[in-house]
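Chemist: Before I ask anything, let me first share the structure, which is written out below as structure tokens.
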Amino acid sequence: MRFADFLAAAHAVRDALSRAGLAANEPVHVRISNQPLDLAAYAGVWLAGGVVVPVHRSSPAGAVTHVAAKTRARFEWDRFLNVISNAPPPPRPILDGAALIVFTSGSSGMPKGAVLSHRAFIGKLEAIQSLLSFGERDRTLLVLNITFSFGIWVALLTLLNGGCLLPREKFAASGFLNDLEDERATRVAVVPTMMRSLILDVAAAELEAQGRRLAAAGALEKVLIGGETLGAGLGATLRALFRPAELIDIYGLTETSTCDFFLMAHEAERYAGCIGRPSPGVRFRIVDNDGNAVPQGELGELEISSPFLMSGYLDEPALTPIRDGWLATGDLAREREPGIVEVGGRKKELIYRGGHKVSPLEIEFACSAHPKVAATLAVGRADERLGERIHALVVPREEGLTASELRAFLATRLERYKIPDVFYFARELPAGRTGKADRGRFAAMLERNELRPVEEP
């Protein structure tokens, strides 16, 4: 699609909404499946003075109903204008100047609508651009959904800087590297779960051959990865696969307009396992349960302050985790060196086993360091004696892995109380709607008795 066609499509959306009587700062649902016209619809809503609410076309009816109940939107754009309610939404000051309402994945409850203002989101785009320098010669392969903040900013920065966007409806591991080569893509953005699928689904010899062809083509310059913790082992594998392209690890939240920390390629080996340094305009602190700063090197909750924070959760001010300009991320972290942050798991996902607090991320990293393991998730389940027992879902890289072998391996890396009590093997990890590995879904599978523990001698 040429830019002139894109602009014409955006103007058509604007005109339809204006004729329908869209009010300033009124939410509009935009149904998307990564089609070029979907991004034009975003632009059209903004031109009309509305607020974009991304909703994927494949979203189940219950999820769409939940979003509609929260936004109270009258209009939905799905290639043409639909009226979904005749009642105008009430005035809500939180939507003044809003650009987006992005519903979070809701792993700890029902999804909440994070309201991002034009000022905050544009400011963060400028900060990202100062580090990543998108340009008119860029060709960006888009395999991330544009309901996902990560996907939205990658798409917008490509287009705003005159580049060519190559959207795909979904990620396909089998053809991914060939697609990068054939399209002569200069950039791509992914989440670690996608890359684990690539490594699992493509035979090692073929993966190596595709990587060599991609390097010989010489077009790919930057691989942006984020949305979940990368881990040192997967990071090293991907740097080798994509070399000489740069692998840039990004940490951020929807609530902060994303991209709060960058681990740039030149520091990746020195600070493996870290999320890197704060992006321009971002301040951080690491605090204990009472809100006091912890000494450097100690674990605490990561808090972020910047001009780019969300305005709040739509109609849920009590759940908005911002106090005195600081947003509590819910992530446990430590400052490894001044300005260098390492994330150690989710505060609310800590497993309490036998009086010990255990980070599931630490267990996952340790398991995934085994050469026969591709990926791992760990959760706690209630236990009468210990409080919680640790359950681990493991994706073997090859046949022959046993729970006993894995347990012996972990005994060299973890304290005894951190070694999982129960193992399960599966072909893949359960993923949420953004494609990220989801501990909540694993826990739900356990509650429904959908998994059989690995038997041990």
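Chemist: Can you name the residue in the range 37-62 that is touching a residue at least 24 places away in the same chain (Cβ under 8 Å) and surrounded by fewer than 16 Cβ atoms within 10 Å (Cβ to Cβ) and is also nearest to Tyr313 (Cα to Cα) among such residues?
Modeler: Gly49
Chemist: Right, Glu269: in a loop (DSSP other than H, G, I, E, B), assigned by TED's automatic domain parsing to the domain that holds Leu327, under 18 Å from Ala333 (Cα atoms) and without any contact (Cβ under 8 Å) to a residue 40 or more places away in the chain or not?
Modeler: Details: in a loop (DSSP other than H, G, I, E, B): yes; assigned by TED's automatic domain parsing to the domain that holds Leu327: yes; under 18 Å from Ala333 (Cα atoms): no; without any contact (Cβ under 8 Å) to a residue 40 or more places away in the chain: yes.
In short, no.
Chemist: Evaluate the range 287-297: report whether one residue or more is under 23 Å from Arg119 (Cα atoms) and either in contact with a Pro (Cβ under 8 Å, 6 or more places away or on another chain) or surrounded by fewer than 18 Cβ atoms within 10 Å (Cβ to Cβ) (or both). Even if it seems obvious, please write down each step before you answer.
Modeler: First, the residues of the range 287-297 that are under 23 Å from Arg119 (Cα atoms): none.
No.
Chemist: Can you say whether Leu166 is surrounded by fewer than 22 Cβ atoms within 10 Å (Cβ to Cβ), in contact with a helix residue (DSSP H, G or I) (Cβ under 9 Å, 6 or more places away or on another chain) and closer than 28 Å to Gly432 by Cβ, as far as the supplied structure shows?
Modeler: Details: surrounded by fewer than 22 Cβ atoms within 10 Å (Cβ to Cβ): yes; in contact with a helix residue (DSSP H, G or I) (Cβ under 9 Å, 6 or more places away or on another chain): yes; closer than 28 Å to Gly432 by Cβ: yes.
Judged against the criteria, Leu166 is a match.
Chemist: While we're looking at this one, here's another question. In contact (Cβ under 8 Å) with a residue 60 or more places away in the chain and surrounded by fewer than 17 Cβ atoms within 10 Å (Cβ to Cβ): which single residue out of Ala217, Ala209, Ala172, Ala232 fits that description?
Modeler: On the way: Ala217 fails: in contact (Cβ under 8 Å) with a residue 60 or more places away in the chain; Ala209 fails: in contact (Cβ under 8 Å) with a residue 60 or more places away in the chain; Ala172 fails: in contact (Cβ under 8 Å) with a residue 60 or more places away in the chain.
Among Ala217, Ala209, Ala172, Ala232, only Ala232 is in contact (Cβ under 8 Å) with a residue 60 or more places away in the chain and surrounded by fewer than 17 Cβ atoms within 10 Å (Cβ to Cβ).
Chemist: Okay, next question. Which is in contact with a strand residue (DSSP E or B) (Cβ under 6 Å, 6 or more places away or on another chain) and either in contact (Cβ under 8 Å) with a residue 60 or more places away in the chain or under 25 Å from Met195 (Cβ atoms) (or both), of Leu132, Leu116? Even if it seems obvious, please write down each step before you answer.
Modeler: On the way: Leu132 fails: in contact with a strand residue (DSSP E or B) (Cβ under 6 Å, 6 or more places away or on another chain).
Step by step, each of Leu132, Leu116 is checked, and only Leu116 is in contact with a strand residue (DSSP E or B) (Cβ under 6 Å, 6 or more places away or on another chain) and either in contact (Cβ under 8 Å) with a residue 60 or more places away in the chain or under 25 Å from Met195 (Cβ atoms) (or both).
Chemist: While we're on this one: Among the residues of the range 84-96 satisfying the criterion of being surrounded by 10 or more Cβ atoms within 10 Å (Cβ to Cβ) and of a type in the set (A, V, I, L, M, F, W, C), which is modelled with the lowest pLDDT? Outline the logic, then answer.
Modeler: Of the residues in the range 84-96, the ones surrounded by 10 or more Cβ atoms within 10 Å (Cβ to Cβ) are 84-85, 88-89, 91-92, 94-96.
Keeping just the survivors that are of a type in the set (A, V, I, L, M, F, W, C) gives 84, 94-95.
Values: Ile84: 94, Ile94: 98, Leu95: 98.
Applying the filter and picking the extreme gives Ile84.
Chemist: Against the condition in contact (Cβ under 8 Å) with a residue 24 or more places away in the chain, of a type outside the set (A, V, I, L, M), crowded, with 19+ Cβ neighbours inside 10 Å and farther than 26 Å from Ala127 by Cα, how does Gly300 come out, does it pass?
Modeler: yes
Chemist: Please determine, by comparing only the residues of the range 364-390 that are of a type in the set (Asp, Glu) and in a strand (DSSP E or B), which one is farthest from the chain's Cα centre (by Cα).
Modeler: At the first step, the residues of the range 364-390 found to be of a type in the set (Asp, Glu) are 364, 383-384, 388.
The next check asks that each one be in a strand (DSSP E or B); those that pass are 383, 388.
On the way: Asp383: 31, Glu388: 28 Å.
Checked the range 364-390; the qualifying residue farthest from the chain's Cα centre (by Cα) is Asp383.
Chemist: Name the residue, out of Glu450, Glu428, that is without any contact (Cβ under 8 Å) to a residue 24 or more places away in the chain, assigned to a loop (DSSP other than H, G, I, E, B) and not small (Gly, Ala, Ser). Talk me through it step by step, then tell me what you get.
Modeler: Numbers: Glu428 fails: without any contact (Cβ under 8 Å) to a residue 24 or more places away in the chain.
Residue meeting the stated conditions: Glu450.
The values are calculated or read from the model by the stated rules, or taken from the named source; none is laboratory data. Owing to the predicted nature of the structure, the values given are computational and were not obtained by experimental measurement. Backbone-built Cβ (ideal geometry, glycine too); neighbour counts: all protein chains shown.
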